Amino acid sequence: MYELRVTGDFAAAHQLKNVTEKCENLHGHNFQVEAAVEGDRLNEAYVLMDFGLLKRHLREILGSLDHCFLNDHPAFAGKNASSENLARFIAENLQQRLAPLDQGVRVRRVRVWESATASAAYYP
């Protein structure tokens, strides 16, 4: 089994419901994201996949979140725009982009940090 990991970041605001009072106030984060993909075999270039392509996909997904009020983003309609839900949104979108490549590469994990000491991960 092979694993690749890439990182990215974005800045956004959100307002969580039904959590601690502090987080229910409108606030923002400089989110850090790590996406890990895995696969059983290397391709004809003897790599799992091109790092540049993986980084581009992650950058495009994060670009759709950058500098927005996450509560207004369609992906979070009816749910909290929490780090957990952000991780799932990113993982599912990344998997959709990898599937057409038909290289056997799949998302293993996406971790989203909302601060240096707090993160959430989603494992599809």
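Before moving on, here are some points about what is shown:
- Residue under evaluation Gly78, criteria (1) at positive phi; (2) in a strand (DSSP E or B), criterion not met: (2)
- For the condition basic (Lys, Arg), out of contact with any Ser or Thr (no Cβ under 9 Å at 6 or more places or on another chain) and either part of a strand (DSSP E or B) or surrounded by 12 or more Cβ atoms within 10 Å (Cβ to Cβ) (or both), Arg5 qualifies.
- Looking only at the range 15-63, and only at residues there that are over 16 Å from the mean Cα position of the chain (by Cα) and part of a strand (DSSP E or B), the one that is surrounded by the most Cβ atoms within 10 Å (Cβ to Cβ): Gly39
- For the range 64-75, a residue qualifies if it is assigned to a helix (DSSP H, G or I) and without any contact (Cβ under 8 Å) to a residue 12 or more places away in the chain, and the qualifying residues are Asp72, Pro74.
- Among residues of the range 94-112 being at pLDDT 95 or above and surrounded by fewer than 19 Cβ atoms within 10 Å (Cβ to Cβ), the one that is nearest to the chain's Cα centre (by Cα) is Arg109.
- Test result for Asn43, under 18 Å from Val105 (Cβ atoms), polar (S, T, N, Q) and in contact (Cβ under 8 Å) with a residue 60 or more places away in the chain: yes
- Which numbered condition Ala11 misses (of (1) over 16 Å from Ala87 (Cβ atoms); (2) modelled with pLDDT under 95): (2)
- Positions within the range 113-124 being in a loop (DSSP other than H, G, I, E, B) and either surrounded by 15 or more Cβ atoms within 10 Å (Cβ to Cβ) or among the charged types (D, E, K, R) (or both), in sequence order: none
The values are calculated or read from the model by the stated rules, or taken from the named source; none is laboratory data. Computed from a predicted structure; not experimentally measured. Every residue, glycine as well, gets a Cβ built from its backbone with ideal geometry; the counts of neighbours run over all protein chains shown.
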